[in-house]
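The values are calculated or read from the model by the stated rules, or taken from the named source; none is laboratory data. Values in this document were obtained by computation on a predicted structure and should not be read as measured data. We place every Cβ from the backbone using ideal geometry, glycine too, and count neighbours over all the protein chains shown.
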Amino acid sequence: MEPLEIAERIREVFPEEVLAVSEFRGQVSVTLRKTRIRDVSRYLHDDPELYFDYLIDVCGVDLPWQKGEAVRGCLSSLFDKTPSHDTVEGGGG
């Protein structure tokens, strides 16, 4: 499954949680509300077609130069060790 297809699956299952989906140089990012990050992560792990089984890293983000208020969040990179699809990165604000 391609990364954009995975992002669309997340949007279908959690429509209120997805703030944005973007692609840059072949990498797809899904920006989520922070309230259900755990539920989305569990879905990505438990769905047999997805089965993301490896959390690569979690990074804190502080972007004080963004418009309006400072932006603080978390960036997580998930990986599927089987060759069925590529890495998906997601952030929560």
Q: For residues that are closer than 19 Å to V28 by Cα and over 17 Å from the mean Cα position of the chain (by Cα), scanning just segment 61-83, find the one that is modelled with the highest pLDDT.
A: T82
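Results for (1) closer than 20 Å to G73 by Cα; (2) among the aromatic types (F, W, Y); (3) under 11 Å from the mean Cα position of the chain (by Cα), shown as yes or no for each residue.
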position: A7; (1), (2), (3): yes, no, yes
position: V13; (1), (2), (3): no, no, no
position: V18; (1), (2), (3): yes, no, yes
position: F24; (1), (2), (3): yes, yes, no
position: S29; (1), (2), (3): yes, no, yes
position: D39; (1), (2), (3): yes, no, no
position: R42; (1), (2), (3): yes, no, no
position: D47; (1), (2), (3): no, no, no
position: C59; (1), (2), (3): yes, no, no
Q: Search segment 21-60 for residues being among the β-branched types (V, I, T) and loosely packed, with under 15 Cβ neighbours inside 10 Å, and hand back the single one that is modelled with the highest pLDDT.
A: T35
Q: Give me the pairs, please: first residue somewhere in segment 26-53 and farther than 13 Å from R9 by Cα and of a type in the set (K, R), second residue anywhere and modelled with pLDDT under 90 and assigned to a helix (DSSP H, G or I), beta-carbon distance under 9 Å, and either six or more positions apart or on two chains.
A: none
